[in-house]
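Participant: Supplied in structure tokens, the structure appears directly below.
Derivation of every value follows stated rules applied to the coordinates shown; laboratory data play no part. Only a predicted model underlies this, so the values are computations on that prediction, with no experimental measurement involved. Please note: Cβ atoms are built from the backbone with ideal geometry, for glycine as well, and neighbour counts cover all protein chains shown.
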Amino acid sequence: MAARRGWLLLWLALPALAAAPVPDAFNWHLPRGFPTPYVPADNPMSVAKVELGRRLFHDPQLSLTGRYACASCHDPARAYSDGRALAVGATGQTLPRNALPLVNVVYNLAFGWQTPGLTSLEAQMRQPLFNRHPVEIGLAGREAALLAYLAADAQYRRQFAQAFGAPATVARMIQAIAAFERTLIGGRSPFDAYVFAGDHQALSAVAKQGMALFFSARLGCAGCHFGINFAGNWRDSQGATGPAVFADDGLGIGAVRVPTLRNLALTAPYMHDGRYASLDEVLDHYQRVGHLPDSGHGGARDPRLRPFILGGAERQALKAFLLSLTDAPPAAP
């Protein structure tokens, strides 16, 4: 009888045992309305991998000088951008582009300002790690020294064993940092509270007027800035919505990526080269470019840009809406 009771108790417990979480299983804690991100099959998420990637992301010892980390260009307080017009590498060399923010980068279809062929965080990361002209992190030629440093650190040895069941390699280091970057998801802006949480008080009346302007055919902002990230097409666990959106921004360098409009209050200066310090300057630019002739062949104006003139009250409304896309408090892992 006691044996039968034991089997009965075990049978009743089986569903609970089956539902028990795997100790290192990764659970997304997504903002309301956000889709589950796409994760490449050869780099599955795990808690151990994310924590290893977090440490590597902030470790200056990865750099040539020992004083520069990924976080040096991607500050959490600035939505993982850096506040400079042009990014600066480990040796002090100026890079040709502004540092893109990393919040919600997991939803991107492509990475970098002018590199549509870079379609994974793992592939993108090889650029800052190994670039020589200019140097960013400066890992090229130093791989053996870096692996020796990681192998000599007891905590790193333990973390690589937990995350990969194997010692450190450059490829595993890249996978860990990419896994960490995929967790940098922000969706706690007033706009999100209004749209996804139904909080009608989250946006002011002025910001709602600006929202109507943003999505209007007259301005056409949403023709390039759409999707969950206000940055064109995106990719999630269900697949991609289409090719990554690149556009001619009227600055004479050809097509550049359509950057996210989220966290604009934290990510100035703006444009690929950080030439504009304020949203007013950006709006002045697009108001000016919108009236240039359209050659139809990638000339003076991207045909998606509409000619418009904003009145003073309209400009304030549009700015209020754009700033409502900023997470509060600042986005964090």
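Participant: Calculate the length of the line joining the C-alpha centroid of the stretch 199-274 to that of the stretch 51-91, in whole Å.
Facilitator: The stretch 199-274 and the stretch 51-91 have Cα centres spaced 25 Å from each other.
Participant: Would you mind calculating the relative contact order of the stretch 190-323 from Cα pairs under 8 angstrom and at least 6 residues apart, reporting the percent as a whole number?
Facilitator: 28 percent.
Participant: Restricting attention to the alpha-carbon atoms of the stretch 47-181, what are Rg (one decimal) and Dmax (integer), both in Å?
Facilitator: According to the Cα coordinates of the stretch 47-181, Rg and Dmax are 14.3, 41 Å.
Participant: Follow-up question, since we're still on this one. If you put +1 on each Lys and Arg Cβ and -1 on each Asp and Glu Cβ, how big is the dipole of the chain around its Cα centre, in Debye rounded to 20?
Facilitator: That gives a dipole near 500 debye.
Participant: If you don't mind, there's one more thing I want to ask. Per q in 0.24 1/Å, what log10 I(q)/I(0) does a Debye calculation on the alpha-carbon atoms of the stretch 41-84 return?
Facilitator: -0.86
Participant: Can I ask one more? For the chain, count all C-alpha to C-alpha pairs, find those more than 28 Å apart, and express that count as a whole percent of the total.
Facilitator: I get 48 percent for the Cα pairs in the chain exceeding 28 Å.
Participant: Lys/Arg Cβ at +1, Asp/Glu Cβ at -1, dipole of the stretch 122-181 taken about the Cα centre: which of Gln162, Ile177, Val135 is farthest positive-ward?
Facilitator: Of the options given, the answer is Gln162.
Participant: Next question, about the same structure. Please give the FRET efficiency for Gln201 paired with Ala71, using the beta carbon to beta carbon distance and R0 = 30 Å, rounded to the nearest 0.05.
Facilitator: 0.25
Participant: Helix by helix through the chain, keep the DSSP H runs that span 20 Å or more along the axis on Cα and average at least 0.5 on Kyte-Doolittle, and give those back in order.
Facilitator: The qualifying helices are 2-19.
Participant: State the extension gain, in nm to one decimal, for the chain segment bounded by Ala240 and Ala145, taking 0.36 nm per residue of separation less the distance between their alpha-carbons.
Facilitator: Extending this stretch completely gives an extra 30.3 nm.
Participant: Continuing with this model, one more query. How do Ser237, Ser216 line up, fewest other C-beta atoms within 10 Å first?
Facilitator: Ser237, Ser216
Participant: In square nanometres, what is the average projected area of the Cα convex hull of the stretch 190-323?
Facilitator: Its average projected convex-hull area is 8.8 nm².
Participant: Ala222 to Asn27: FRET efficiency via 1/(1 + (r/R0)^6), r the Cβ-Cβ distance, R0 25 Å, to the nearest 0.05?
Facilitator: 0.15
Participant: Okay, which of the stretch 54-68 sit inside 16 Å, backbone N to the point 7 Å along the Cα-Cβ direction of Arg84?
Facilitator: So the set is 60, 63-68.
Participant: A further question follows. Just how large is the dipole of the stretch 47-181 about the Cα centre, in debye to the nearest 20, putting +1 at every Lys and Arg Cβ and -1 at every Asp and Glu Cβ?
Facilitator: Computed about the Cα centre, the dipole is about 100 debye.
Participant: How large is the charge dipole for the stretch 190-323, taken about the Cα centre, if only the Cβ atoms of Lys, Arg (+1) and Asp, Glu (-1) carry charge, to the nearest 20 debye?
Facilitator: Around 140 debye, computed over the stretch 190-323.
Participant: Most mobile of Ala145, Ala123, Ala69 per a Gaussian network model of the chain (Cα springs, under 10 Å)?
Facilitator: Ala145
Participant: Find the relative contact order for the chain and round it to a whole percent, using C-alpha pairs within less than 8 Å whose residues are 6+ positions apart.
Facilitator: 21
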